[in-house]
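Below is one structure, written out as structure tokens, with a few remarks after it.
The values are calculated or read from the model by the stated rules, or taken from the named source; none is laboratory data. Just so you know, these numbers come straight off a predicted model, no measurement behind them. Glycine gets a Cβ as well: all are built from the backbone with ideal geometry, and neighbour counts include every protein chain shown.
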Amino acid sequence: MSDGIHFLGIRHHGPGSAKNVKAYLEELEPDMILLEGPPEAEPLLPGVLHEQMKPPVALLAYQPDEPKRAVFYPFAGFSPEWQAMCYAVKRGIPLRFFDLPLVHHLALWKEREEQAELQKASEEAHDTEEEGMPSAPADRPEAEASPVPPEPVHVDPFAALAKAAGYDDPELWWEMNFENRRNNEEIFLAVREAVTALREAYPAIDRETSLREAWMRKMIRAAQKEGCQRIAVICGAWHVPGLEKMPARKEDNELLKGLPKVKVECTWIPWTYDRLSYRSGYGAGIISPGWYDHVWDYPDDDGTRWMSKVAALFRARGMDISVAHVIETVRLAQVTAALRGLSRPSLEEYNDAVTTVMGFGDPVVLQIIREALVISDRMGAVPGDVPKVPLLVDVEKLLKRLRLPLTTGIKEYNLDLRKPNDLERSIVFHRLNLLGIRLARPLGSDGKGTFKESWSVYYEPKQTLSIIEKAVWGNTLAEAVVAYNVRQAEDIPSISALVDLLQQVIPADLPGLVEQMTRRLDALAASTTDVLEMMKAIPGLVTVVRYGSVRNLDYAKVNDMLYTMMARVLAGGVLACANIDEDAAADLMEKFIAVDYAVATANQPELISMWTELVRKVRESRGTHPLLSGYATRLLRDKNILGYEETAQTLQYYTSRGNAASETAFWFEGFLKSSGTILLLDEQLWELVNGWLASLDDGTFLELLPILRRTFSEYSVPERRKLGEKAKGTSGVKRLHAGSEAFNAEDARKVIPLIWQLVGIK
């Protein structure tokens, strides 16, 4: 304490600090509380005592024009900052957040990003210049390096103190020295002295910390000027030494002069213990928020309550845990603590006892405790009247009306689209996904062509921020989805990509958006001559038409576009199949497979007729790649359009001596594509294929073997086994003789020494 200023150095989210802060404030009865936090959030302080406010919660501060640039200030019930806020509001004591305002903090963040981008661009330009520069002569000394000031070292004060005390685990050190202490009158003085020594050992601090502490000192002077006699200053322990030694007012003002500004807005949002934990990436996170919650609620628990929770959890998992197990576990934890010189067991002693008594020595049981109790799935709640962007209000109303509670646990919904409430849920889920808000994720089948959908719903605080980010697109979910996706559609240059987006839009039940996207699709289709791109888009258009019928939606315009696109593919498809290499032919065949399946599922006679006509032309064209010609022949054969005699004639043409062996193999690869079952059932097709293979001489067979293997490898294992058994019983089986010229004994002998070496034979 100095001049009526009481410095309370705390650990964020430490129940020991919370207990000490609460006791200190009740004894001091300050006339002003200065709390580390953003000044912009002070209007939200009255909400901490609202009956609907349930920690853990967080203050969310963001730039309205750039919502991605945002910061969170989470609080649990056992956070010392939360206890200070509750104390001040309850007693009507002025409380000010005295950290550097976020209007400056976020502006500095923006400046750092811009400087990093400029530096990166400069380095890239420098590297480009150096590529053409000659290297310096060997006898030419390099320029003397300019002295670079040492980088400030980031120090976790409590981790450093724990290490100095001989603890590898700062969490354990904190619990033993703070959570388990009964007498804490001088604790703030002890923390201040320890951190002061740390600051002397690590004097260099970064610019941001310097600015923050300068602003904090400014706010302390302002409170003194107002005549406050008992000022409680509550901040992270690291800052206490920097605030006690006040430099000249002019020095701080000079440091704070000319700081940039941006607009900032704040609100309360629900938080979770999982996000409060260290494993979430939160810098000030703690390892065991669920355990700390228990310690805060039951400070006098001798372990019985905690072990009762553990036992109940194990019983719910089907484990045989009795009252005797609980009693023995508590006893063992207390004995272990005594042997270790502790006044009471910590979480480590309880875990050791659980492993021994309830887990019979197997530590795997601790994983169950860790997730459910040590971390916990607890989620907070905020009042409905806190300031929110209109889009967030609309989403929350929709979720409430549809009885979709937000929880930290994963909840699955199996929806029947024939039921009005389930259909509305599906529409909301699809709309949220179209905005990039992954609150709900589809499970398994996406539901196209069926009345069933399955979704997994899981809330994370970052989803709230995602909603705020998208608030610029509209005040309601429907408005925002339409505006956002219209812009997305305008930026999409390809037909297939636009059709993919259209497929996602269909189940969102936004006819106006579909209308705008259809016009955009029509404009793209009219300007493109890329047959492959149009073929890629046809399966998606078929899905749109079919899915629309499931949802009782009229997409006649999309259907008309489908016919138009098929007609254009028919006009230019043959040319796309001619004079191409193997890779292009393989890619085109995959498109043929997809379009053929889509046309079959559409089951529209005119569409089938156009597609069949194209397949026929591809087969008959002499310039068509043999891979595509073979596949076209198979398709016509499967549809009973091509008879056995015509199929045999085509086979004879491609197996004639005038064709290269590779062309023959490619034709067969296309002809046999995904036809293992057909080969087993169609005897005529079997005779054609087996007869051709049996007629090959050894040299030709070996030349074609890689392509044949690739073809048959696509078949399933049962198909390949049955095909082998069928071939085994056929008189015309192709057998490769051991005396074939393909085997060179002399070459074989050359590799024998290497094989000996590999297997360890000398």
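Of the helices (runs of 4 or more DSSP H) entirely within segment 574-676, those holding at least 2 residues that are farther than 21 Å from Phe701 by Cα and either among the charged types (D, E, K, R) or modelled with pLDDT of 85 or more (or both) occupy 582-602, 605-620, 626-638, 644-654.
Say whether the condition of being out of contact with any helix residue (DSSP H, G or I) (no Cβ under 7 Å at 6 or more places or on another chain) and within 29 Å of Leu391 (Cα to Cα) is met by at least one residue in segment 521-535.
Step one: list which residues in segment 521-535 are out of contact with any helix residue (DSSP H, G or I) (no Cβ under 7 Å at 6 or more places or on another chain), which gives 523, 526-527, 529-530.
Checking the rest, the ones that are also within 29 Å of Leu391 (Cα to Cα) come to none.
Checked segment 521-535: no residue is out of contact with any helix residue (DSSP H, G or I) (no Cβ under 7 Å at 6 or more places or on another chain) and within 29 Å of Leu391 (Cα to Cα).
Considering only segment 313-341, state which residues are of a type in the set (Asp, Glu) and in contact with a helix residue (DSSP H, G or I) (Cβ under 7 Å, 6 or more places away or on another chain). Give the derivation first.
So in segment 313-341, the residues of a type in the set (Asp, Glu) come out as 320, 328.
Scanning segment 313-341 gives a single hit, Glu328.
The set of residues in segment 87-105 being at pLDDT 90 or above and more than 22 Å from Met32 (Cβ to Cβ) consists of Val103, His104. Identify, please: which residue in segment 424-449 is more than 16 Å from the chain's Cα centre (by Cα) and at pLDDT below 90 and is, among those, surrounded by the fewest Cβ atoms within 10 Å (Cβ to Cβ)? So the residue we want is Gly444. Out of Val323, Val310, one residue alone is surrounded by fewer than 18 Cβ atoms within 10 Å (Cβ to Cβ) and out of contact with any Ser or Thr (no Cβ under 7 Å at 6 or more places or on another chain). It is Val323. Looking only at segment 270-283, decide whether some residue is more than 27 Å from Pro64 (Cα to Cα), in the same structural domain as Ile33 (by TED's automatic domain parsing), surrounded by fewer than 17 Cβ atoms within 10 Å (Cβ to Cβ) and in contact with a strand residue (DSSP E or B) (Cβ under 7 Å, 6 or more places away or on another chain). Yes. The set of residues in segment 224-235 that are closer than 25 Å to Ala190 by Cβ and crowded, with 19+ Cβ neighbours inside 10 Å comprises Ile231, Ala232, Val233, Ile234, Cys235.
Does Leu34 satisfy the condition of being at pLDDT 95 or above, among the aliphatic types (A, V, I, L, M) and in contact with a strand residue (DSSP E or B) (Cβ under 7 Å, 6 or more places away or on another chain)?
yes
The selection criterion, being assigned by TED's automatic domain parsing to the domain that holds Leu259 and closer than 25 Å to Tyr273 by Cβ, holds for Phe75.
Take Leu465 and decide whether it is under 27 Å from Ala70 (Cβ atoms), in contact with an Asp or Glu (Cβ under 6 Å, 6 or more places away or on another chain) and of a type in the set (A, V, I, L, M). Can you show your working first?
Working: under 27 Å from Ala70 (Cβ atoms): yes; in contact with an Asp or Glu (Cβ under 6 Å, 6 or more places away or on another chain): no; of a type in the set (A, V, I, L, M): yes.
For Leu465, the condition - under 27 Å from Ala70 (Cβ atoms), in contact with an Asp or Glu (Cβ under 6 Å, 6 or more places away or on another chain) and of a type in the set (A, V, I, L, M) - is not met.
Inside segment 91-124, residues that are in a helix (DSSP H, G or I) and under 17 Å from Lys218 (Cβ atoms) make up a count of 5.
Would you confirm whether or not segment 405-426 contains a residue that is within 23 Å of Ala489 (Cβ to Cβ), touching a helix residue (DSSP H, G or I) at 6+ places or on another chain (Cβ under 8 Å) and in a helix (DSSP H, G or I)?
Initially, segment 405-426 is screened for residues within 23 Å of Ala489 (Cβ to Cβ), giving 426.
Now drop any that are not touching a helix residue (DSSP H, G or I) at 6+ places or on another chain (Cβ under 8 Å), which leaves 426.
Restricting the remaining residues to those that are in a helix (DSSP H, G or I) gives 426.
Within segment 405-426 (the criterion being within 23 Å of Ala489 (Cβ to Cβ), touching a helix residue (DSSP H, G or I) at 6+ places or on another chain (Cβ under 8 Å) and in a helix (DSSP H, G or I)), the answer is yes, since at least one residue qualifies.
The single condition from (1) over 19 Å from Leu439 (Cβ atoms); (2) part of a loop (DSSP other than H, G, I, E, B); (3) of a type in the set (Gly, Ala, Ser) that Gly384 fails is (1).
Of all residues in segment 482-504, how many are part of a helix (DSSP H, G or I) and either hydroxyl-bearing (Ser, Thr, Tyr) or not assigned by TED's automatic domain parsing to the domain that holds Asp530 (or both)?
2
Filtering segment 181-228 to residues that are in contact with a strand residue (DSSP E or B) (Cβ under 9 Å, 6 or more places away or on another chain) and among the polar types (S, T, N, Q) leaves only Gln224.
Looking at Ile33, is it in a loop (DSSP other than H, G, I, E, B) and out of contact with any Cys (no Cβ under 6 Å at 6 or more places or on another chain)? Answer is no for this residue.
Residues of segment 67-90 include at least one that is in contact with a Pro (Cβ under 7 Å, 6 or more places away or on another chain) and assigned to a helix (DSSP H, G or I). Being modelled with pLDDT of 80 or more and more than 27 Å from Gln83 (Cα to Cα) holds for only one residue in Met246, Met216, and it is Met246. Filtering segment 235-268 to residues that are part of a loop (DSSP other than H, G, I, E, B) and β-branched (Val, Ile, Thr) leaves Val262, Val264. Summed over segment 454-468, residues that are more than 19 Å from Pro74 (Cβ to Cβ) and charged (D, E, K, R) total 0. For Ser496, the conditions (1) touching a helix residue (DSSP H, G or I) at 6+ places or on another chain (Cβ under 6 Å); (2) more than 21 Å from Glu590 (Cα to Cα); (3) among the polar types (S, T, N, Q) all hold with the exception of (2). Of all residues in segment 301-358, those that are free of Cβ contacts under 8 Å to residues at least 40 places away in the same chain, of a type outside the set (A, V, I, L, M, F, W, C) and not in a helix (DSSP H, G or I) total 6.
Here is a yes/no grid of residues against (1) crowded, with 16+ Cβ neighbours inside 10 Å; (2) in contact with a Leu (Cβ under 8 Å, 6 or more places away or on another chain):
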site: Glu213; (1), (2): yes, yes
site: Arg249; (1), (2): no, no
site: Glu254; (1), (2): no, no
site: Pro260; (1), (2): no, yes
site: Lys263; (1), (2): no, no
site: Trp291; (1), (2): yes, yes
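Looking only at segment 26-55, residues that are more than 43 Å from the chain's Cα centre (by Cα) and farther than 30 Å from Lys263 by Cα come to 6 in all.
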